[in-house]
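The values are calculated or read from the model by the stated rules, or taken from the named source; none is laboratory data. Keep in mind the model is a prediction, meaning the values are calculated, not measured. Quick reminder, even Gly has a Cβ in these numbers, built from the backbone with ideal geometry, and neighbours come from all protein chains shown. The protein model used for the area step is the full one, side chains on, heavy atoms only, and it has no ligands, DNA or RNA in it. Shrake-Rupley method; radii C 1.70, N 1.55, O 1.52, S 1.80 Å.
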Amino acid sequence: MKRCWLLGVFCLLWPWMAVAAKVQATLDRTDVHLGETVTLNLHIGDAVSVNTPDLSALDRDFDVLRTSTNSSLSIVNGRQSAELIIGIALRPKHEGDLKIPALTIAGSQTSPLSLHVGPADNSAGADAGKDVFVEAAASSNRVYAGQQILYTVRLFYSGDLDGGNLPNPDAGDAELRQLGNDISYEAVRNGHRYHVVERRYALTPRHAGVLTIPGIEFQGEMIDRGNPNDPGGFFNPGGLFGNTTPVTADSPQVKIQVQAPPADWGKTSWLPARSLSLSLQGLPSDDKISAGQPLNLRLSVNAQGLSGDALPSLSLPAIDGATVYPDQPSTSTHDDGQWLTGHSERGFAIFPQHAGVLTIPEITLTWFDVQSGQKRIATIPSHSLTVLAANGAQAAAAPSPQPGLAASSAAPVSAPSPVTEQTASTASSTPWRRIALCSIALWLISSAVFAWLYWRKRSPAPAKAKQRLEPVDSARALRQAFLDAARGDDHPAQARRLLAWARGERPELRNLGQVAELLASDEQRVVIGQLQREQYAGGPAERRIDLATVFAHGFAWRQDKQVETESPLPPLYPFKLD
């Protein structure tokens, strides 16, 4: 009875415990100017409704402007999960490093957060008084080739916008990747308060020289404020019909000086990163392994400021006295809203060949620290393991018979009893039984083999046809999936399925830019470029992209698969371990 009572109390407390363990607080920005707003997001897992927490602890340093809630429900592999996000808009009251204390919500406390508030930004002097203007800036105007920097675009507007199109920057030969979603807040410039939409990009120049990024043109519709003498008019914002005015704004051109790797760098692979770490997991805690048994190790590298695609294909040095079998490498990339962090890892199965001492040599990776401007070496020290003899090695060899036992078993018996005679008779008949059972077993096996051969002879053609058709069906499925997406307006889905279809024919391709480079058709290259622009434009297309017609007959691949231009610089990403 007591156990049942305890179980009932646990079941009542379990939902509260689950929610309490999944509360997190984040800021959409950690560095702002005085007069700007910042959003504090409270994430509550496995919840759809929670009361807003007590925010009085924020009154000392912040003005609490407004709150909003957003809930989501997802089902992955049959498992349901929910998340509730409470957004709190805050305006700092003064400059300095401000602290957001822990808040109690859903039975748990969030972790404290830090926010740096700088002086008011009055850099937009030329645009003071405008209803709409666009800013674009790079985190650094002098970088190394292959180094990722932060490129930020901000749209400022006063009043209300009724839609608009803010295209992605044209980065030319540099690699450009958007970081997260757009951020919305308020800011003050030269005494005017604006709504701001901020978009961040990871920008990675590929070659030395001057990288020029043209200005971005915003086009939108501004809702008229209306006639103050006729607030109830039909064409005023509060009336039956709204009236809008087209607005445009251009960002300034941005130039970035891109430096080549240092002259004394040598032939070592060029890896410019903010930080890099190399790790090896799977070593036994007691440093002992058995001969013939696999030792499974995982070698991984993490680098901030590089994507996963730019990281090396990992390998282990030769290991004396062992055979090494590598797995397929895997890479991934994530970002924290400012910097890319690439991850690459690979598994290795190491089979020691004999007992003794097995030494895994030192593993090194040379990289360039862009923050300090120095060459650094990530190192995993050498490690020695004791290899024990395989278990059961001595028992595997059958012991030789002893002469004394053999003579004893052969000694004659002078007067056998009736029981002894019966046993001898049974023993003498045992071989015939075994022979009969073996004959029956062989007959059954022969019958089964004959039946299988007969069935295979009767139906070989369908099996072969199926083997021949499997790749065709796969290619047709990828092509059909793209054509189905081409009939809709989901540009990201169209881009993904077009790339999947291309990778089905050319597995080495990684993005649509590489697909366009290998196409002989100008029309297909233009359409791919338009698709990439519309994928991130955020507004309606000027004209519909007829993807289905352009790719109706498949890809027009060039005959020369690789066309490279000579460059005096060493390749940026050959990436190999030293």
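Observations
- Here the gap between LYS22 and ASP173, fully extended at 0.36 nm per residue and compared with their Cα-Cα distance, gives a gain of 50.1 nm.
- Projected area, mean over directions - segment 253-306, Cα convex hull, nm²: 7.2 nm²
- Scanning residues 5 or more positions from ASN243 or on other chains, those with amide H under 5 Å from its amide H are ASP224, with H placed 1.01 Å from N in the peptide plane.
- Accessible area of GLU505 in the full protein assembly, 1.4 Å probe (Å², nearest 10): 90 Å²
- Backbone amide hydrogens, once placed in the peptide plane, bring ILE105 within less than 5 Å of THR110, excluding anything fewer than 5 places away on its chain.
- The 1.4 Å probe gives accessible areas that order LEU444, LEU314, largest first, as LEU444, LEU314.
- Cα centroid separation, segment 348-364 to segment 37-111: 51 Å.
- Straight-line cross-link partners of LYS22 among the aspartates and glutamates, defined as a Cα under 17 Å from its Cα and at least 8 positions apart when in the same chain: ASP46, GLU83.
- Burial order of peptide ranges 508-517, 325-334, 181-190 (average beta-carbon count within 10 Å, highest first): 181-190, 508-517, 325-334
- Length released on extending from LEU150 to ALA477, taking residue separation times 0.36 nm less the Cα-Cα span: 113.8 nm
- Scalar couplings 3J(HN,Hα) for segment 207-224, obtained by applying the Karplus form with A = 6.51, B = -1.76, C = 1.60 to θ = phi - 60°, are 9, 6, x, 9, 9, 10, 10, x, x, 9, 9, 9, 10, x, 10, 9, 6, 5 Hz; x denotes Gly and Pro.
- Packing-based order for 254-262, 361-369, using average beta carbon neighbours within 10 Å, highest first: 361-369, 254-262
- What the Cβ-Cβ distance of HIS207 and ASP287 gives, at R0 = 45 Å and to the nearest 0.05, is a FRET efficiency of 0.40.
- Amide H contacts for THR69 (H built 1.01 Å from N in the peptide plane; partners 5 or more residues away or on another chain; cut-off under 5 Å): GLY87.
- Segment THR549-ASN41, length gained on full extension (0.36 nm per residue, minus Cα span): 178.4 nm
- Label-reachable residues, segment 324-366, where backbone N falls under 16 Å from a point 7 Å from SER384's Cα toward its Cβ: 355-362
- Accessible-area order (highest first, 1.4 angstrom probe) of the listed residues GLU95, GLU83: GLU95, GLU83
- With each label modelled as a point 7 angstrom along the Cα→C-beta vector, the ARG60-ASN181 pair spans 3.2 nm.
- Per residue, segment 57-185 exposes an accessible area of 51 Å² to a 1.4 Å probe, with every protein chain left in place.
- The Cα-based radius of gyration and maximum Cα-Cα distance (Dmax) for segment 45-201 are 19.3, 56 Å.
- Residues VAL324 and HIS94, FRET efficiency given R0 of 51 Å [Cβ-Cβ distance, rounded to 0.05]: 0.25
- For segment 58-175: relative contact order, % (alpha-carbon pairs under 8 angstrom, 6 or more apart): 15 percent
- Whole-Å distance, taken between Cα centres, linking segment 313-329 and segment 136-154: 38 Å
- Using θ = phi - 60° and Karplus 6.51 cos²θ - 1.76 cosθ + 1.60, couplings along segment 371-378 (whole Hz; Gly, Pro as x): 7, 9, x, 10, 7, 10, 10, 7
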